[in-house]
Amino acid sequence: MTPTPRLRRWQCALAMAVCAVPVSTGVLAQEARTPSAPLSLPALGDSVGQDLSPRAERRLGDRVMRAIRSDPAVIDDPLVLEYVQALWGDLLNAARQRGEIGPDLDDSHAWEPFLVRDKSVNAFALPGGYIGVHLGLMAMTTTTDELASVLAHELSHVTQRHIARMMGQQSRTSWMSMASMVLGILAASRNPAAAQALIYGGQAASIQGQLNFSRDMEREADRVGFTVMSEAGFEPGGMARMFEHLQQASRLNDDGSFPYLRTHPLTSERIGEARARMGPDGWTQALQARPSERQRTAWHALMSARAQVLMDPRSDALHRLATLSLPEGASPLQQVRVHYTVSLAKQRTGQAAGAAAAMGQARQAALGLPATQQALVWRLLTLSEADGLLEAQRSQEAATALDRPALASPMVPPQAGRPELLLRARLALAQPASGTQTSQWREAANQLQPHVSQHPHDAAAWALLSELWRRLDQPLRAIRADAEATAALGDLPGAIDRIQGAHQRFRRPNAADVIELSVMDARLKIWQRQQRADLRDDN
Ligand SMILES: [Zn+2]
């Protein structure tokens with residue numbers, strides 16, 4: 001297989017601001033050769049030529065994440081995120097078992113994937129173990145193994161300390177240029193003109209020049225990623241198929257929507273190596289089903305459909321998806337996927353009746369699935385339906401949907417998780433006021449409380465909890481939860497303001513308030529310390 005000329009350039013960036021922009025590769029190639037302008041100096045505390053320490057790398061990553069978390073392109077869709085986190089968790093465990101992640105790196109890094117609402121095909125690693133996954137990548141991958149191969153590759157850039165090595169070598173890169181570059185990616189999806197200006201100003205080109213991984217690093221990420229994904233139980237053929245799939249799709253579609261290829265060009269060598277790693281019996285071995293494989297297949301089918309609907313909110317895109325028709329001879333899973341897509345697209349274009357009908361068809365088709373897939377698919381359909389109804393402010397119907405009995409199935413239904421928790425809280429808040437509301441609010445708050453202590457950076461959960469406490473007439477707890485949500489979204493000054501405001505308001509606290517205020521003070525000190533560190537880094 002010969003690569004097309006535009007795929008020959010081999011470069012990978014930590015985060016690819018320019019790559020998300022729909023311009024021709026020719027322009028980018030020229031720009032990339034422009035000598036880079038000097039950027040302001042960092043205060044990383046590491047001397048030039050040394051790897052960034054794991055702690056310093058994490059601080060850099062946290063800083064970047066604080067700058068981008070509240071951007072509307074960074075989306076928290078509990079269902080899609082849960083799926084990506086599940087794959088990510090399997091890869092992470094395999095990497096730990098193989099010793100790719102030692103205790104030091106494990107402790108210092110966040111190991112957190114996040115979703116970017118962008119229809120281009122891309123994924124990127126940030127310092128500190130944060131991995132951005134474009135919804136466009138999820139939508140174009142046809143199997144869980146293909147998606148896992150990209151995640152494993154990005155994970156390996158982190159575990160092999162490629163970022164640390166580069167940041168150590170290239171000490172001119174400042175903290176904020178990294179954050180602004182990532183913001184550039186996010187802006188590009190909404191405002192191509194702004195992104196163009198960024199490119200022609202040479203800024204993006206110089207940043208890209210600094211952050212490209214070397215060819216050796218790319219080979220290492222492919223090699224280590226392949227082993228990690230295989231040991232995590234994914235079909236090893238996923239990597240080679242991902243490459244082939246990308247190459248075919250990009251031939252048909254040369255519109256800049258494949259930024260991943262600009263940074264990871266598919267040379268025949270790269271594809272060949274991925275195939276060779278599988279050995280002569282690779283394809284046969286890969287076909288032997290593992291227990292969870294069928295479930296993963298169904299999970300991917302539905303979540304890639306969901307990503308496809310969420311990645312492009314424009315009405316013409318949604319209209320296209322709302323009028324999808326079934327291919328001839330579609331398998332039960334394909335049928336579920338098409339009806340599910342149509343239903344989601346109709347939900348989002350205000351066609352409530354059509355959405356409900358399509359969801360009913362998806363449910364009907366789900367009855368034809370193998371028993372191992374049914375419970376999982378049923379849960380995803382139910383949660384998606386309830387979510388759509390809550391979005392459309394049809395809370396009674398959402399309550400009915402959520403209470404639909406789980407499908408009788410030989411499989412134990414998947415554990416209720418974060419999507420259920422957040423939906424229940426939204427539902428409690430959405431229903432019209434009545435005598436029973438208080439107890440529902442209290443129950444939802446009681447369920448969220450242990451969740452946020454385990455996941456203190458869950459901004460969506462904190463925001464719901466804040467509203468619940470407010471309604472339950474617990475103003476101090478509401479303020480604290482609001483401050484936590486604000487901090488989790490990266491706005492430290494906002495979080496600090498909220499706590500300081502609470503002190504003003506509660507000058508004569510009762511005994512319970514005193515306890516709450518002391519918890520808040522402990523959090524305040526942490527945020528103030530972080531903010532001081534941020535300011536030091538800027539100067
Ligand atoms: Zn790479």
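Listed here are the residues, each with its yes/no results for (1) at pLDDT 50 or above; (2) out of contact with any Leu (no Cβ under 8 Å at 6 or more places or on another chain).
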{"residue": "Gln30", "(1), (2)": "no, yes"}
{"residue": "Ser36", "(1), (2)": "no, yes"}
{"residue": "Leu39", "(1), (2)": "no, yes"}
{"residue": "Ser53", "(1), (2)": "yes, yes"}
{"residue": "Val64", "(1), (2)": "yes, no"}
{"residue": "Asp76", "(1), (2)": "yes, no"}
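For Asn212, the test of being away from the ligand (no atom under 16 Å from the Cβ), open to solvent by 30 Å² or more (accessible area, probe 1.4 Å) and either modelled with pLDDT of 80 or more or of a type outside the set (Ser, Thr, Tyr) (or both) is failed.
Within the range 157-178, can one find any residue that is of a type in the set (A, V, I, L, M) and modelled with pLDDT of 90 or more? Yes - at least one qualifying residue is present in the range 157-178.
Go through the residues of the range 90-98 one by one and say whether even a single one is buried (at least 20 other Cβ atoms within 10 Å of the Cβ), within 16 Å of the ligand (Cβ to nearest atom) and aliphatic (A, V, I, L, M). Yes, the conditions are met somewhere in the range 90-98.
The single residue among Gln437, Gln454, Gln431 that is within 30 Å of Ala298 (Cα to Cα), surrounded by fewer than 17 Cβ atoms within 10 Å (Cβ to Cβ) and not aliphatic (A, V, I, L, M) turns out to be Gln454.
Taking (1) within 21 Å of the chain's Cα centre (by Cα); (2) within 25 Å of Ala425 (Cα to Cα) in turn, Leu389 satisfies each apart from (1).
Asp491 fulfils the conditions (1) under 25 Å from Gln431 (Cα atoms); (2) in contact (Cβ under 8 Å) with a residue 24 or more places away in the chain except for a single criterion, (1). Checked across the range 379-400, the condition of being in a helix (DSSP H, G or I) and either at pLDDT below 85 or among the aromatic types (Phe, Trp, Tyr) (or both) holds for no residue. Being hydrophobic (A, V, I, L, M, F, W, C), within 16 Å of the ligand (Cβ to nearest atom) and under 23 Å from Ser230 (Cα atoms) holds for only one residue in Ile101, Ile131, and it is Ile131. Filtered by the rule that a residue be in contact with a Pro (Cβ under 8 Å, 6 or more places away or on another chain) and either of a type outside the set (A, V, I, L, M, F, W, C) or open to solvent by 60 Å² or more (accessible area, probe 1.4 Å) (or both), the range 466-493 gives a lone residue, Glu484. Within the range 132-159, residues that are farther than 30 Å from Asp51 by Cβ sit with their Cβ atoms under 8 Å from residues that are part of a strand (DSSP E or B) and open to solvent by less than 10 Å² (accessible area, probe 1.4 Å), at 6+ positions apart or across chains, in these pairs: Leu135/Leu115; Leu135/Val116.
Cβ-Cβ distances below 8 Å connect the following pairs, each with a first residue in the range 213-236 that is among the aliphatic types (A, V, I, L, M), a second residue that is part of a strand (DSSP E or B) and within 13 Å of the ligand (Cβ to nearest atom), and a separation of six or more residues or different chains: Met217/Cys12; Ala221/Cys12; Ala221/Phe213.
The values are calculated or read from the model by the stated rules, or taken from the named source; none is laboratory data. On a predicted model such as this, the values are computed, not experimentally measured, just so you know. Note that each Cβ is placed from the backbone with ideal geometry, even for glycine, and that neighbours are counted across all protein chains shown. When the accessible area is computed, the model is the full protein with side chains, heavy atoms only, and any ligands, DNA or RNA have been set aside. Shrake-Rupley method; radii C 1.70, N 1.55, O 1.52, S 1.80 Å.
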